[in-house]
């Protein structure tokens, strides 16, 4: 690691889901890392829904785990109800989800961080990020360190900003506004100024959260209970089994009276009075928004999720709101089962600053300030998993930046994390970005079951995967190979078992019973499921692989960093403008920039190849 | 959009403006030879063959139809592009050539982008590195021609059908994706299997109906020549003169707007469409607007603009700026009514044109020279490759839709394997859109959120 005169290598600002992964990754790569947080107990806190995973998100958690990150391990330990979503659909869209204990989760996360070598946790509020002009880096600035609220100063050549909703965070409940990043926690106001001072443009987004009620004030009798899976699936590849008992959730719903109450109080709703102007996510609408946009709907579902195994608090999922307190109280009382519910935390909307991600590159480093990395909500995403995925990448790249090495950039064909980062830096955001499986064109390949095959070797190469995980991975890989071979070799009624398994209804239970060899190989874990997936999806997987090969062709064509698009005379003006703004790294990314046509891409390829050596170079070998 | 690769197999109809006696279909890429049996042609033997081979044969179109063809087989790396190249020389009948290309696209070839063969030649080192500018210029001018063609076809029925189908696919895809990404919404039902089957049947029927063919879909991709200029410049007279008083040929609609008169005619044996941008306002107030519109439309859609200026009038400022807006290499100046000025213009034009010609439609002078000039220009211009959509993409899209239907059908009410259905629908969508479709996921999400109350 580069020594220089700095005290540390990497400073991580923020102890949320992004910050935690960033600090963990950087420290594990040997960087002298400091995690700066307002309060130690707030590390890993869940601002909103006390759940990890879900559609698209569960896949991200698996990827983080495959790369040696924390989220999967912590979720397995802190989980209180596990469900595999989309179970009846194909494995490409299976998504693990878990309700977590909101007290245990942060505690477990903190335990990992506190026991991590190379990592120190420091309590303090960062006010300013220091940067200096560095002639060597061609007019860009370089990060030098941070200044804390009470005057302390830490120096480092890399800083990861993972401050969540804290940048000039402003919470709204009715007409009441309270500055803060979360209930009971201060906002980071000076930091926004500092980022602007570095030349970054900031935008503003909003999100919201529902009220929490006291468990003992809920009448569960009219509510529908929803239990977890009988055989809960762990997030982490390293967790053999979920052993803790699960807790149920309950389903409730609003009704026309509740909707009418909201309607007559819309004039007091910050979202509709103009008090809040920033854009919120469409997929997490407040209950007010639901009523306004879908007036004919007579009921909206609410999920009652306990915030912990022994917790007194129940989270009312589906009732996100910033209506005034009195309205919230009356609203909740109109829901069957909640007539006498006591609200222990009011719902609120929160506005916060973010850095439009076109200013950041695929390594999550800002283009204007070298060594400054941004991860999480600050890039315009929402969700713990999205934040954690970015945190991991930012942490790795901060450490590698300091060591003078190339960054880790995950492709759209490798991970949902890659899809997310590429979407952010190539297209920017207009509302908080959340992962959906429909965003991934290679969804067939980016499955929850094969995250280790896709990413653990990468993690190992980058130094993120320790020996125990690597050994586990190799064992699994070996078993899969041997199982695939056995399915080909063993026969039933004259045909290879493999062929039988191709039939849609066939799950293969009877073969496991009759063939010892199969039973041995398939013992425990999800080896059998994975082998089945490979067989049943084979044609589609092959097709996907061909598409990926085509994708790779252009993705692996780098664009010289010094390219001057405006000097290209024959190119269409729109393509020149868009590329100049985004500055794609490779031809593949250039193709994804909005407003670009196929011929523009073909011409770019010609131009780049023409710029290479003057003698006859062959781009592809003769057949 | 089909992102251009360098290792897939591309196909194009290359033969300049038609009608002409010979038409050529050209393929380049690893599957070139392998695709030929689907047309009833077999690659020659002798894998070690160092020289290109000619084979004469028959190109099978249907059970009973065939075309005579000479096939040239260039085995990689000894070809223009360095890949396997096949050239099919056959009858120069555009609809038939398009049908052949369509078959190949259905089998997995991709329609070549403007200048793509030359691009591949360059990328494989067949052209010297110093020729990069020339290659880019070629691709650029072909791209522009294709854009113009697309703009014209945008008003044609062919384009509309494809757009309707694309919209239908996106609508259906949104419902299916919603069923994947919003499964938590217990009380929202998105779409059932029988509904998916019905929707797909409607889409396929829509494509089939179009294939039955309007005249427009069979219309060859002829170059468009626009006659533009101020009112009273003599456009209409010139138009009649060129077309030759056979009003029967004039049709008000050939994929263009109502207020433009169009006629199909030939210049030196090359077919073209002549458009008279007359019929715009004559009053002084509308003058600027009229010039602007005429100029803009002509510039956008015509491959060649004949700006008609009456020799006995002064050049108006607005006229000059309207001309200046047209690309230099596509504007020709026609001095009209020169019988009033003694057979020649009084002064030079205030700006440069690619070429100028002096006519007097009334006396007939100079019209032959004009025709020759235009014919010469047409020959020099790039062959039009960029038809907005051809039957091949429609066939291949239909095949993808049918595969989706097969997955959806026959399993009761619950939609099986939505992610596989989605894959096929996306493949169909990609085939039918010619621009970048990276915004597809945003479009899907927008639809889902506007129609359904989802998200917690």
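Nothing in this text is a laboratory measurement; each read-out follows from the coordinates by a stated rule. Not measured: the values here are computed from a predicted model. Neighbour counts are summed over all protein chains in view; Cβ atoms, including those assigned to glycine, are modelled from backbone coordinates with ideal geometry.
Considered as an equivalent ellipsoid built on the Cα gyration tensor, the stretch A:466-542 has semi-axes of 23, 15, 10 Å, the largest given first. Estimated from the Cβ-Cβ distance and a Förster radius of 30 angstrom, the FRET efficiency linking residue A:178 and residue A:294 is about 0.50. Of all beta bridges that DSSP places with both ends in the protein assembly as shown, some 70 percent have antiparallel geometry. Please compute the modelled spin-label separation between residue A:403 and residue A:266, points set 7 Å along Cα→Cβ, answer in nm with one decimal. About 5.7 nm, to one decimal.
Taking other Cβ atoms within 10 Å as a rough exposure proxy, A:366, B:202, B:398 sort from fewest to most as B:202, B:398, A:366. The ranking of A:420, A:171, A:71 by Cβ neighbour count inside 10 Å, starting from the fewest, reads A:171, A:420, A:71.
Pairs of Cα atoms in chain A fall into 20 Å distance bins, from 0 up to the last occupied one, in shares of 19, 49, 29, 3, 0 percent. The orientation-averaged shadow of the Cα convex hull for the stretch A:1-160, equal to a quarter of the hull surface, comes to 11.3 nm². Normalised by the number of residues in chain A, the average gap of Cα pairs under 8 Å and 6 or more apart makes the relative contact order 17 percent. The modelled label-to-label distance for the pair residue B:329/residue B:137, using points 7 Å beyond Cα in the direction of Cβ, is 0.7 nm. Per residue, the convex hull spanned by the Cα atoms of the stretch A:556-613 measures out at 77 cubic angstrom. Straightening the chain between residue A:467 and residue A:225 buys 82.9 nm, computed as 0.36 nm per residue apart minus the Cα-Cα spacing.
Our note on the geometry: Cα centres of the stretch A:167-182 and the stretch B:330-359, 72 Å apart. With the simple model of a label 7 Å out from the Cα in the direction of the Cβ, residue B:232 to residue A:509 spans 9.2 nm. From the largest down, the protein assembly as shown spans 101, 77, 66 angstrom on the principal axes of its Cα atoms. Set the Förster distance to 22 Å, then compute FRET efficiency between residue A:458 and residue A:552 from the Cβ-Cβ distance, nearest 0.05. The calculated FRET efficiency here is 0.90. Roughly speaking, what is the centre-to-centre gap between the stretch A:1-76 and the stretch A:406-481 when only Cα atoms are used, to the nearest Å? For the stretch A:1-76 versus the stretch A:406-481, the Cα centre distance is 17 Å. As a proxy for reagent exposure, ranking A:94, B:315, A:250 by other Cβ atoms within 10 Å from fewest up yields B:315, A:250, A:94.
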